Every structure is written in C-alpha cells, then in structure tokens.
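K.L.:
Have a look at this one before I ask anything.
The values are calculated or read from the model by the stated rules, or taken from the named source; none is laboratory data. Quick caveat: nothing in here was measured; it's all calculated off a predicted structure. Backbone-built Cβ (ideal geometry, glycine too); neighbour counts: all protein chains shown. Heads up: the accessible areas ignore ligands, DNA and RNA and are worked out on the full protein's heavy atoms, side chains in. Shrake-Rupley method; radii C 1.70, N 1.55, O 1.52, S 1.80 Å.
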Amino acid sequence: MARNPRPFLGLFAGIAAGLVASAAMAVFQDQAAKLLPEEGDDEDPATVQAADAVSEAVTGDPVPEPYREQAGKAVHYIVGGVLGGIYGVLAEYRPEARSGFGTTYGIATAALLDEAVIPAADLGPAPDEAPLATQAYGVASHLLYGWVLEGVRALLAGKR
C-alpha cells in the first residue's frame with residue numbers, strides 16, 4: 001500500500017489524465033484507421049451505439065442524425081474519464097497498478113471493453129469474429145491510452 005494515499009487527488013488527476021489520454025487515443029485512432037483495410041461495414045462505432053442505447057432508454061429514440069458523431073465522442077470521453085478516475089485512485093493505493101508506466105492498465109481496459117463489454121452489450125463483434133488488424137488496432141489504442149494516462153497522472157499527482 002502506498003504511504004498516505006490521496007484518493008481525492010488521485011481521482012481528479014486520474015479523470016483529467018483520462019480525458020487527455022482519450023484525446024490522444026482519438027488522434028491515434030483517426031490516423032491508424034487510415035491504414036486498416038476497408039471492412040465494408042457501415043455499422044456505427046460502439047460509442048455511437050452506446051449513445052443510442054442511452055438515448056433510447058431516456059427518450060425512446062436513438063440519437064438524432066446531426067448529433068451522432070458528437071454523441072459517440074461524448075461516450076468515448078466519459079468512459080475515458082471514468083476509467084482514468086478509477087486508475088488515479090487505484091494508483092494511490094496500489095503503486096503496482098502503475099506497472100509498465102500505465103500500459104498494463106491500458107491492456108486491462110482493452111480486455112475489459114473490447115473483449116468483454118462491447119461484445120456482451122452487442123455493440124461490436126466477439127473477439128474471435130474481429131479481424132486481427134482490428135484487434136491489434138484496439139490493443140495499440142489502449143496501450144497508448146494507458147501510457148498517456150500514467151504520464152499525465154504522474155504530472156498532476158506527482159510520482160510516488
């Protein structure tokens with residue numbers, strides 16, 4: 001256990017770091033997507049589908065067309081901020097959570113989201129149904145997320 005954990009500092013540093021890491025991840029994904037083969041799949045990204053699910057639960061209708069892209073981005077940043085906040089608190093209590101300069105946590109988020117939550121919620125394909133290039137793209141995105149998350153968290157909360 002870390003000496004004198006600072007859970008509130010960890011939470012706020014983690015949320016801020018999660019938002020920055022989500023932005024870095026979005027830039028990476030925009031560029032890396034250009035290298036992936038076209039799949040011919042016109043299905044909305046999981047973030048837009050998740051926004052639709054929330055909108056349908058609240059209003060009974062999916063997100064209106066002009067707001068779909070922004071709604072998907074909002075889901076991306078909300079999830080990134082929440083996961084960052086969890087990481088920030090965890091890093092205060094369990095320094096080993098920072099192993100690999102955050103990349104271990106990044107891989108854990110990839111496994112949790114891409115391999116479990118998204119397929120279980122029917123927001124994307126099961127791991128054995130997704131092309132290898134798409135899986136590698138997801139893992140690389142989350143590695144970057146974890147690395148940036150720890151870098152920004154360490155700047156804001158201080159290394160311990």
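K.L.:
Would you call Gly72 part of a helix (DSSP H, G or I), open to solvent by less than 90 Å² (accessible area, probe 1.4 Å) and either under 29 Å from Ala154 (Cβ atoms) or among the hydrophobic types (A, V, I, L, M, F, W, C) (or both)? Even if it seems obvious, please write down each step before you answer.
P.N.:
On the way: part of a helix (DSSP H, G or I): yes; open to solvent by less than 90 Å² (accessible area, probe 1.4 Å): yes; either under 29 Å from Ala154 (Cβ atoms) or among the hydrophobic types (A, V, I, L, M, F, W, C) (or both): no.
No, not satisfied.
K.L.:
Moving to a separate point now. What number goes with the only condition from (1) hydrophobic (A, V, I, L, M, F, W, C); (2) open to solvent by 60 Å² or more (accessible area, probe 1.4 Å); (3) more than 30 Å from Leu9 (Cβ to Cβ) that Ile78 does not pass?
P.N.:
(3)
K.L.:
Would you please list the contacts, defined by Cβ atoms under 6 Å and residues six or more apart or on different chains, that run from a residue in the stretch 82-104 that is open to solvent by less than 50 Å² (accessible area, probe 1.4 Å) to a residue that is not in a helix (DSSP H, G or I)?
P.N.:
Here the result reads Glu92/Ala2; Glu92/Pro5; Glu92/Arg6; Pro95/Ala2, each pair linking the stretch 82-104 to a residue that is not in a helix (DSSP H, G or I).
K.L.:
Can you confirm whether Ala2 is at pLDDT below 95, over 19 Å from Pro125 (Cα atoms), assigned to a loop (DSSP other than H, G, I, E, B) and open to solvent by less than 40 Å² (accessible area, probe 1.4 Å)? Walk me through how you get there before you give the answer.
P.N.:
Numbers: at pLDDT below 95: yes; over 19 Å from Pro125 (Cα atoms): yes; assigned to a loop (DSSP other than H, G, I, E, B): yes; open to solvent by less than 40 Å² (accessible area, probe 1.4 Å): yes.
Yes; evaluated as a whole, the condition is true for this residue.
K.L.:
Quick check on the stretch 17-25. Is at least one of its residues open to solvent by 50 Å² or more (accessible area, probe 1.4 Å), in a helix (DSSP H, G or I) and small (Gly, Ala, Ser)? Reasoning before the result, please.
P.N.:
First pass over the stretch 17-25, keeping only residues open to solvent by 50 Å² or more (accessible area, probe 1.4 Å): 19-20.
Of the ones still in play, those that are also in a helix (DSSP H, G or I) are 19-20.
Then keep just the ones that are small (Gly, Ala, Ser); that gives none.
Checking the stretch 17-25: not a single residue is open to solvent by 50 Å² or more (accessible area, probe 1.4 Å), in a helix (DSSP H, G or I) and small (Gly, Ala, Ser).
K.L.:
Within the stretch 120-139, track down each residue that is part of a helix (DSSP H, G or I) and either open to solvent by 40 Å² or more (accessible area, probe 1.4 Å) or among the polar types (S, T, N, Q) (or both). Step through it out loud before you land on a result.
P.N.:
Taking the stretch 120-139 and keeping what is part of a helix (DSSP H, G or I), we get 120, 127-129, 132-139.
Listed by number, the residues that qualify are Ala120, Pro127, Asp128, Glu129, Leu132, Ala133, Thr134, Gln135, Ala136, Tyr137, Val139.
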